[in-house]
1. Near the amide H of S87, under 5 Å away, which other amide H atoms are found, from residues 5 or more places off or on another chain, if H is placed in the peptide plane?
2. Per-residue accessible area for E53 at 1.4 Å probe radius, Å² rounded to 10?
3. Taking the Cβ of E29 as the centre, find all other residues whose Cβ is under 15 Å away and add up their charges (Lys, Arg: +1; Asp, Glu: -1).
4. Arrange the residues H104, H131, H30, H62 by how much accessible surface each exposes, largest first, with a 1.4 angstrom probe.
5. Count charges around A63 for me, please; just the other residues with Cβ under 12 Å from its Cβ, Lys/Arg as +1, Asp/Glu as -1.
6. Ignoring ligands and nucleic acids, what accessible area does S81 show with a 1.4 Å probe (Å², nearest 10)?
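The values are calculated or read from the model by the stated rules, or taken from the named source; none is laboratory data. The model shown is predicted, which means the values in this text are computed figures rather than measured ones. Note: ideal-geometry Cβ built from the backbone for every residue, glycine included; neighbour counts use all protein chains shown. To get the accessible areas, we keep the full protein, side chains included, count just its heavy atoms, and leave off ligands, DNA and RNA. Shrake-Rupley method; radii C 1.70, N 1.55, O 1.52, S 1.80 Å.
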Amino acid sequence: MFHNILVAVDGSPDADLALTEAIDLAESEHTRLTLFTAVSQLPATAFLAAGEELGKVVEDAHADAEAILRHARERVPDGLSVTAVLSEQPIRAGLLGQIADGVHDLVVMGSRGRGAIRAALLGSTSHYVLHHSPVPVLIVHADRSKARIAAPAGVAE
(Lines give C-alpha, C1' and ligand atoms only; values in the text may rest on other atoms or scores of the structure.)
Protein backbone atom coordinates (compact mmCIF):
# COMPACT_ATOMS: atom_id res chain seq x y z
CA MET A 1 0.00 0.00 0.00
CA PHE A 2 2.76 2.49 0.97
CA HIS A 3 6.19 2.70 -0.63
CA ASN A 4 7.92 5.64 1.06
CA ILE A 5 6.92 6.76 4.56
CA LEU A 6 8.05 10.12 5.92
CA VAL A 7 8.38 10.24 9.72
CA ALA A 8 8.72 13.57 11.54
CA VAL A 9 10.87 13.17 14.65
CA ASP A 10 11.67 15.75 17.33
CA GLY A 11 12.46 13.74 20.45
CA SER A 12 9.00 14.18 21.98
CA PRO A 13 7.03 11.21 23.36
CA ASP A 14 4.44 11.61 20.59
CA ALA A 15 7.13 11.59 17.89
CA ASP A 16 8.79 8.57 19.49
CA LEU A 17 5.52 6.66 19.35
CA ALA A 18 4.95 7.88 15.78
CA LEU A 19 8.33 6.39 14.85
CA THR A 20 7.31 3.08 16.45
CA GLU A 21 4.10 3.06 14.40
CA ALA A 22 5.99 3.97 11.21
CA ILE A 23 8.52 1.18 11.78
CA ASP A 24 5.66 -1.32 12.24
CA LEU A 25 4.04 -0.12 9.02
CA ALA A 26 7.31 -0.20 7.10
CA GLU A 27 8.03 -3.74 8.26
CA SER A 28 4.56 -5.00 7.33
CA GLU A 29 4.50 -3.17 3.98
CA HIS A 30 8.18 -3.79 3.12
CA THR A 31 8.65 -0.11 2.45
CA ARG A 32 11.29 2.54 3.09
CA LEU A 33 11.38 5.16 5.84
CA THR A 34 12.60 8.72 5.71
CA LEU A 35 13.30 10.27 9.10
CA PHE A 36 12.89 14.04 9.11
CA THR A 37 13.68 16.79 11.57
CA ALA A 38 14.45 20.47 11.33
CA VAL A 39 16.86 22.67 13.20
CA SER A 40 14.91 24.65 15.78
CA GLN A 41 14.24 28.15 14.53
CA LEU A 42 15.33 30.89 16.87
CA PRO A 43 12.86 33.68 17.62
CA ALA A 44 13.97 37.11 16.40
CA THR A 45 14.51 38.26 19.98
CA ALA A 46 17.19 35.58 20.41
CA PHE A 47 19.41 37.45 18.00
CA LEU A 48 19.22 40.54 20.19
CA ALA A 49 19.52 38.77 23.53
CA ALA A 50 22.18 36.20 22.62
CA GLY A 51 24.85 38.65 21.47
CA GLU A 52 28.19 36.88 21.35
CA GLU A 53 26.57 33.62 22.45
CA LEU A 54 24.47 33.43 19.26
CA GLY A 55 26.95 31.14 17.53
CA LYS A 56 26.80 28.73 20.45
CA VAL A 57 22.99 28.76 20.47
CA VAL A 58 22.87 27.99 16.73
CA GLU A 59 25.52 25.29 17.11
CA ASP A 60 23.56 23.71 19.96
CA ALA A 61 20.36 23.71 17.87
CA HIS A 62 22.17 21.84 15.07
CA ALA A 63 23.72 19.37 17.50
CA ASP A 64 20.31 18.73 19.09
CA ALA A 65 18.67 18.07 15.71
CA GLU A 66 21.51 15.75 14.66
CA ALA A 67 21.19 13.83 17.95
CA ILE A 68 17.43 13.44 17.43
CA LEU A 69 18.00 11.98 13.95
CA ARG A 70 20.80 9.72 15.18
CA HIS A 71 18.62 8.37 18.02
CA ALA A 72 15.71 7.77 15.63
CA ARG A 73 17.99 6.01 13.12
CA GLU A 74 19.29 3.72 15.87
CA ARG A 75 15.72 2.56 16.56
CA VAL A 76 15.12 1.43 12.97
CA PRO A 77 15.80 -2.30 12.45
CA ASP A 78 18.70 -3.15 10.16
CA GLY A 79 16.48 -4.79 7.55
CA LEU A 80 14.58 -1.58 6.74
CA SER A 81 15.69 0.95 4.16
CA VAL A 82 16.03 4.32 5.92
CA THR A 83 17.16 7.82 5.04
CA ALA A 84 17.62 10.71 7.46
CA VAL A 85 16.94 14.33 6.48
CA LEU A 86 17.94 17.39 8.51
CA SER A 87 16.25 20.55 7.28
CA GLU A 88 17.37 24.12 7.82
CA GLN A 89 13.90 25.39 6.87
CA PRO A 90 11.14 26.09 9.37
CA ILE A 91 9.49 22.76 10.19
CA ARG A 92 6.22 23.36 8.32
CA ALA A 93 7.83 24.42 5.05
CA GLY A 94 10.50 21.78 5.42
CA LEU A 95 8.01 18.96 5.89
CA LEU A 96 5.82 19.99 2.95
CA GLY A 97 8.89 20.39 0.76
CA GLN A 98 10.16 16.96 1.76
CA ILE A 99 6.78 15.38 1.03
CA ALA A 100 6.96 16.68 -2.53
CA ASP A 101 10.70 16.20 -3.12
CA GLY A 102 10.89 12.76 -1.57
CA VAL A 103 7.80 11.39 -3.32
CA HIS A 104 6.38 10.18 -0.04
CA ASP A 105 2.97 8.54 0.10
CA LEU A 106 2.39 8.74 3.87
CA VAL A 107 3.45 11.12 6.64
CA VAL A 108 3.60 9.84 10.22
CA MET A 109 4.02 12.33 13.05
CA GLY A 110 3.19 12.95 16.66
CA SER A 111 0.29 15.16 17.60
CA ARG A 112 2.42 17.27 19.92
CA GLY A 113 6.05 18.18 19.63
CA ARG A 114 8.42 19.61 22.16
CA GLY A 115 7.18 23.18 21.78
CA ALA A 116 3.75 23.12 23.46
CA ILE A 117 3.65 26.83 24.29
CA ARG A 118 4.89 27.80 20.85
CA ALA A 119 2.29 25.51 19.26
CA ALA A 120 -0.47 27.17 21.27
CA LEU A 121 0.63 30.55 19.98
CA LEU A 122 1.47 29.63 16.39
CA GLY A 123 -0.66 26.57 15.74
CA SER A 124 0.28 22.93 15.73
CA THR A 125 2.67 21.60 13.10
CA SER A 126 0.69 18.37 12.89
CA HIS A 127 -2.52 20.32 12.35
CA TYR A 128 -0.84 22.37 9.62
CA VAL A 129 0.57 19.32 7.82
CA LEU A 130 -2.74 17.47 8.13
CA HIS A 131 -4.49 20.30 6.28
CA HIS A 132 -1.79 21.03 3.69
CA SER A 133 -0.29 17.64 2.85
CA PRO A 134 -1.09 16.18 -0.57
CA VAL A 135 -0.68 12.65 0.90
CA PRO A 136 -2.32 10.90 3.88
CA VAL A 137 -1.11 11.87 7.36
CA LEU A 138 -1.11 9.54 10.37
CA ILE A 139 -1.02 11.54 13.61
CA VAL A 140 -0.06 9.63 16.75
CA HIS A 141 -0.84 10.80 20.28
CA ALA A 142 1.28 9.19 23.02
CA ASP A 143 -1.12 9.72 25.95
CA ARG A 144 -4.14 8.26 24.20
CA SER A 145 -2.13 5.31 22.95
CA LYS A 146 -0.91 4.52 26.48
CA ALA A 147 -4.48 4.65 27.74
CA ARG A 148 -5.61 2.35 24.94
CA ILE A 149 -2.88 -0.17 25.74
CA ALA A 150 -3.73 -0.05 29.46
CA ALA A 151 -7.49 -0.56 28.89
CA PRO A 152 -8.65 -4.17 29.33
CA ALA A 153 -9.95 -5.91 26.22
CA GLY A 154 -13.59 -5.19 25.49
CA VAL A 155 -13.70 -2.01 27.55
CA ALA A 156 -14.81 1.07 25.64
CA GLU A 157 -12.74 4.21 26.05
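1. Amide H to amide H, under 5 Å and 5 or more residues apart or across chains, S87 pairs with T37, A38, V39.
2. 110 Å²
3. Numbers: positive: R32; negative: E21, D24, E27, D105.
Here the count lands on -3.
4. Details: H104 10, H131 120, H30 160, H62 50 Å².
Of H104, H131, H30, H62, the descending order of accessible area is H30, H131, H62, H104.
5. So the surrounding residues net to -2.
6. 50 Å²
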